[in-house]
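Below is one structure, written out as structure tokens; the observations come after it.
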Amino acid sequence: MNPDLKYSSRPFRAAGARGVLHCDGVSLEALAKQYGTPLYVYSAYEIVERFLLFKSAFAVRDHLICYAVKANSSLAILKLLADQGAGFDIVSGGELARVMAAAPEAAGRVVFSGVGKTAEEIDAALQAGILEFNVESESELQLLATRAKKRGAKARFALRVNPDVFADTHPYISTGLREHKFGIDIRQAPAIYRAAAKIKWLEPHGISVHIGSQIRSAEPFGAAVRRVSKLAAQLRSEGIALKSIDAGGGLGIDYHSGGDGSDAAAKVAEYAGAIEKSLDGFEGRLLIEPGRFIVAQAGALVTRVLNVKKNGKKTFVITDAAMNDLIRPALYQAYHEIVPVKPRAGTARAVDVVGPVCETGDFFARDRKLKPIQPGDLLVLMDAGAYGMAQSSNYNSRMKPAEVLVEGKKHRLIRRREEMKDLLATEIY
Ligand SMILES: *Cc1c(COP(=O)(O)O)cnc(C)c1O
């Protein structure tokens with residue numbers, strides 16, 4: 001932990017006489033020079049501090065924070081969190097392999113979510129000895145029993161129930177309604193638990209819920225947990241005592257300017273309060289699966305301006321980063337604040353900030369008022385630590401960016417930039 005930095009704001013701020021944007025104690029200008037662009041930069045302290053916010057908010061009860069690997073699955077970040085005692089929420093065999101590579105000691109703190117697990121993935125997770133499978137259908141439960149029997153070992157499972165709770169977020173990342181593909185209708189869950197309790201190879205271990213992502217209010221989390229704790233109490237009265245309730249992930253951040261992260265502690269406290277209240281005397285362990293909230297504001301994407309061009313009335317700022325590096329604006333109409341590394345004087349004008357990919361959807365901002373920008377300038381897409389690098393691709397045969405982890409005044413490369421040979425490596429011709 002960094003004793004000098006008090007938790008108060010995003011790690012990215014202007015510093016020094018020239019007002020150059022820094023990540024903690026490191027200049028982004030220097031990082032861009034050393035590692036090139038586009039470049040993902042993360043603050044290790046910020047990640048840890050945000051993790052610890054959850055840890056202290058739930059300190060009074062037995063709990064496990066299972067970081068959602070899909071938000072940012074870089075090995076160095078997984079290791080950083082594992083060293084703080086984090087568990088992990090995984091959604092594929094690939095994510096399991098990442099956890100096992102970065103922090104094999106954390107295998108017993110892994111929960112496996114996802115609507116379509118294969119037999120191979122289940123086998124690998126049984127072999128690793130994960131904490132529990134979050135099962136999303138009866139047929140998946142049957143498959144789990146079959147694979148467990150084959151190994152001669154019991155599989156711990158939780159049903160991921162669909163609580164039919166509406167959470168106000170983008171429709172692509174809302175998951176808690178009956179019409180969504182996720183989970184099992186909560187009304188069918190008791191019968192499934194009863195049947196599973198009779199199967200030798202299955203251990204009813206918990207109950208889980210995940211209502212969506214980028215949810216800014218605590219209320220829907222409380223509503224969802226209230227429904228599952230009621231179910232847990234009902235099952236208990238029938239002799240099925242579940243050891244854990246998993247409240248899922250989904251706590252959102254403020255992506256807009258002024259969302260400096262200073263309310264993070266208050267947001268986590270409010271979230272924890274809503275969950276605590278709704279657990280309603282449940283005496284087992286609480287699991288939560290935050291992803292975005294831990295890493296989003298700890299990361300940014302640094303990009304260099306290639307060109308500034310005018311088409312009719314519009315001005316386009318073309319950057320060397322594109323939708324293949326950060327797809328959130330194209331995919332979810334997401335907003336990312338854009339900040340120059342070295343601000344220029346002058347009046348702000350509306351511009352479109354776009355990447356070089358051949359898609360009109362390849363934009364980072366439209367009609368955004370920004371101070372004058374020239375080719376060669378460095379811009380920063382803020383709050384890009386979650387669902388940024390993790391969703392990057394090679395579209396347009398572009399190479400994936402490098403990633404750097406800043407630790408106070410130090411920094412280290414945690415993923416090298418892809419090279420041409422990486423691009424062609426898997427192909428047969
Ligand atoms: C995506 C996901 C999470 C993490 O969501 P965030 O919004 O990043 O906190 C947690 N649990 C499950 C099952 C998920 O699918």
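Descriptive notes on the structure:
- Enumeration of residues in segment 109-125 that are closer than 23 Å to ILE245 by Cβ and outside any strand (DSSP E or B): ARG109, SER113, GLY114, VAL115, LYS117, ILE122, ALA125
- When we screen ARG349, ARG285, ARG366 for residues that are in the same structural domain as PRO204 (by TED's automatic domain parsing) and either closer than 24 Å to LEU251 by Cβ or away from the ligand (no atom under 16 Å from the Cβ) (or both), the only hit is ARG285.
- Whichever residue in segment 200-214 is at pLDDT 95 or above and not in a loop (DSSP other than H, G, I, E, B) and, among such residues, is nearest to the ligand (Cβ to nearest atom): SER208
- Unique match (being within 12 Å of the ligand (Cβ to nearest atom), without any contact (Cβ under 8 Å) to a residue 60 or more places away in the chain and hydrophobic (A, V, I, L, M, F, W, C)) among PHE182, PHE221, PHE166, PHE157: PHE221
- Residue within segment 72-79 that is out of contact with any Pro (no Cβ under 7 Å at 6 or more places or on another chain) and closer than 20 Å to VAL268 by Cβ present: yes
- Selection status of ARG304, touching a residue at least 60 places away in the same chain (Cβ under 8 Å), of a type in the set (Lys, Arg), outside the structural domain of SER237 (by TED's automatic domain parsing) and surrounded by 15 or more Cβ atoms within 10 Å (Cβ to Cβ): yes
- Test: VAL357 is β-branched (Val, Ile, Thr) and touching a Ser or Thr at 6+ places or on another chain (Cβ under 9 Å): no
- Evaluation of ALA334 against the conditions (1) closer than 30 Å to PRO190 by Cα; (2) hydrophobic (A, V, I, L, M, F, W, C); (3) within 16 Å of the ligand (Cβ to nearest atom) shows that the sole unmet condition is (1).
- Scope segment 28-72; condition among the small types (Gly, Ala, Ser), within 16 Å of the ligand (Cβ to nearest atom) and surrounded by fewer than 24 Cβ atoms within 10 Å (Cβ to Cβ); matching residues: ALA57
- In the condition set (1) of a type outside the set (A, V, I, L, M, F, W, C); (2) buried (at least 16 other Cβ atoms within 10 Å of the Cβ); (3) more than 16 Å from the ligand (Cβ to nearest atom), GLU105 is compliant with all but (2).
- Residue match in segment 399-408 (condition: within 30 Å of PHE51 (Cβ to Cβ), crowded, with 17+ Cβ neighbours inside 10 Å and within 16 Å of the ligand (Cβ to nearest atom)): no
- Residues of segment 75-97 that turn out to be on the phi < 0 side of the Ramachandran plot, out of contact with any Leu (no Cβ under 6 Å at 6 or more places or on another chain) and more than 15 Å from the ligand (Cβ to nearest atom), as a count: 8
- At least 3 residues being of a type in the set (A, V, I, L, M, F, W, C) is the threshold, and among the strands (runs of 3 or more DSSP E) wholly inside segment 1-108 those reaching it are 12-15, 20-23, 63-68.
- Of all residues in segment 383-429, those being among the aromatic types (Phe, Trp, Tyr) and either assigned by TED's automatic domain parsing to the domain that holds LEU326 or part of a helix (DSSP H, G or I) (or both) number 2.
- Subset tally (residues that are of a type outside the set (Gly, Ala, Ser) and over 14 Å from MET323 (Cβ atoms)) for segment 393-413: 11
- Taking the criterion of being touching a residue at least 40 places away in the same chain (Cβ under 8 Å) and in a helix (DSSP H, G or I), the residues of segment 187-199 that qualify are ALA189, PRO190, ILE192, TYR193, ARG194, ALA196, ALA197.
- For segment 142-170, a residue qualifies if it is surrounded by fewer than 16 Cβ atoms within 10 Å (Cβ to Cβ), of a type outside the set (D, E, K, R) and either closer than 18 Å to GLU219 by Cα or outside the structural domain of PHE182 (by TED's automatic domain parsing) (or both), and the qualifying residues are PHE166, HIS170.
- Filter result for the condition that a residue is without any contact (Cβ under 8 Å) to a residue 12 or more places away in the chain and either closer than 25 Å to PRO171 by Cβ or of a type in the set (Ser, Thr, Tyr) (or both), over SER244, SER237, SER262: SER237
The values are calculated or read from the model by the stated rules, or taken from the named source; none is laboratory data. Remember, it's a predicted structure, so these values are computed and weren't measured experimentally. For neighbour counting, all protein chains shown are included, and Cβ atoms are generated from backbone atoms with ideal geometry for every residue, glycine included.
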